[in-house]
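Q: Quick one: this structure, given as structure tokens, is what I'll be asking you about.
The values are calculated or read from the model by the stated rules, or taken from the named source; none is laboratory data. From a predicted model like this one, the values you see are computed outputs, not experimental measurements. Cβ sites come from the backbone with ideal geometry, for glycine too, and all protein chains shown count toward neighbours.
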């Protein structure tokens, strides 16, 4: 009878020695890094297609290379961006596998659904950025040049700008999944999130300002708006699936 009760209890993270936690974290990080390297190598094979895809939002604006190694580093950078997107499912799997000891045994079977949902949300965030935010931001920022200034945009600066923006939106859209896990282990509750709306708005605005590589408020609000919507969705998710007292 005692054995059955023990099986119903969640695995205690603290029961594992601290050094074992570090070793487990090291293994997960190495596997994630290996996946990133492999996916980057695959992306490099399709570098021309990826480059044509990422510069599409620029329209007729031409990119320039100001250094001898500029083209090489540009293709390396676009391959790394493609590697991050390609390795996302594996990285999410390693992440959720590392934190799964905090769940009940029967809930550990949900690691694969969590990986799937995390990947889909990441891609949705990146797609929203590519289709909506990136074209608007480019038009807004380049439009400041007017007729007096002729903007010379280097390929390196553009890839850094677009890559950081895509990553910011991809990571930001992970909020419901993070809220689900934190609700499951009892860190947060729907009541706690509901009461903290006013503070959440401030934190979301600060987060949007940090994650977006542009100084303009419009781009930051285009990230803050979806983040607040995801915050409200997270409240519903935690209310339905959160840990009961």
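Q: Being buried (at least 18 other Cβ atoms within 10 Å of the Cβ), modelled with pLDDT of 90 or more and under 28 Å from residue 185 (Cβ atoms) narrows it down to one residue among 36, 103, 50, 114; which is it?
A: Result: 36 is the single residue among 36, 103, 50, 114 that is buried (at least 18 other Cβ atoms within 10 Å of the Cβ), modelled with pLDDT of 90 or more and under 28 Å from residue 185 (Cβ atoms).
Q: Another question, then. Which of (1) modelled with pLDDT under 90; (2) under 27 Å from residue 123 (Cα atoms) does residue 13 not meet, given it meets every other one?
A: (2)
Q: Yes or no: the stretch 224-244 includes at least one residue that is surrounded by fewer than 21 Cβ atoms within 10 Å (Cβ to Cβ) and assigned to a loop (DSSP other than H, G, I, E, B).
A: yes
Q: From the list 179, 218, which one is surrounded by 19 or more Cβ atoms within 10 Å (Cβ to Cβ) and touching a residue at least 12 places away in the same chain (Cβ under 8 Å)?
A: 179
Q: Please work out which one of (1) assigned to a helix (DSSP H, G or I); (2) loosely packed, with under 15 Cβ neighbours inside 10 Å; (3) at pLDDT below 85 is the condition residue 60 fails and give its number.
A: (1)
Q: Tell me yes or no: at least one residue of the stretch 164-173 is in contact (Cβ under 8 Å) with a residue 24 or more places away in the chain, crowded, with 21+ Cβ neighbours inside 10 Å and farther than 20 Å from residue 205 by Cβ.
A: Yes; the residues of the stretch 164-173 include at least one that is in contact (Cβ under 8 Å) with a residue 24 or more places away in the chain, crowded, with 21+ Cβ neighbours inside 10 Å and farther than 20 Å from residue 205 by Cβ.
Q: Here is a follow-up. Go through the stretch 159-203 and report how many residues are over 30 Å from residue 84 (Cα atoms) and either at pLDDT 90 or above or in a helix (DSSP H, G or I) (or both). If you could, list the steps in order and put the result at the bottom.
A: Quick first cut of the stretch 159-203, residues over 30 Å from residue 84 (Cα atoms) only: 186, 189-199.
Adding the requirement that they be either at pLDDT 90 or above or in a helix (DSSP H, G or I) (or both) leaves 190-195, 197-199.
Residues in the stretch 159-203 being over 30 Å from residue 84 (Cα atoms) and either at pLDDT 90 or above or in a helix (DSSP H, G or I) (or both): 9 in total.
Q: Considering only residues that are exposed (fewer than 14 other Cβ atoms within 10 Å of the Cβ) and in a helix (DSSP H, G or I), look in the stretch 137-156 and name the one that is farthest from the chain's Cα centre (by Cα).
A: 145
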